[in-house]
Amino acid sequence: MGEGLTLASKWDTAIDIALFFRMVIFGHLPEWLRHPLLAAGLAGLVHAGLGWLRTRFGESPDEDEPVQELDVRVR
């Protein structure tokens, strides 16, 4: 790797995101900017959480779908 290259871990990214949301919620941003940023962040968290729940507890769609096999000969 090159000199001066710093790699961030997953935890560094999570801490940066948490600090960003802390700045959005408690920072000195105007309300017209704070509310859309907060709503977009929360919508992203809900979307990610629901996706994780679907993969964790949901069934894969390929297992329950019946496969129809046709006995048609192709020339």
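Taking the chain as the region of interest, none of the helices (runs of 4 or more DSSP H) fully inside it holds 2 or more residues being in contact with an Asp or Glu (Cβ under 9 Å, 6 or more places away or on another chain) and at pLDDT 80 or above.
Of all residue pairs spaced 6 or more apart or on separate chains, those with beta-carbon atoms under 7 Å, a first member in region 29-42 that is within 15 Å of L19 (Cβ to Cβ) and a second member that is assigned to a helix (DSSP H, G or I) and open to solvent by 60 Å² or more (accessible area, probe 1.4 Å) are L38/I25.
The values are calculated or read from the model by the stated rules, or taken from the named source; none is laboratory data. These numbers were taken from a predicted model, which means no experiment stands behind them. Positions of Cβ are backbone-derived with ideal geometry, glycine not excepted, and every protein chain shown enters the neighbour counts. All accessible areas refer to the heavy atoms of the entire protein, side chains included, with ligands and DNA or RNA removed. Shrake-Rupley method; radii C 1.70, N 1.55, O 1.52, S 1.80 Å.
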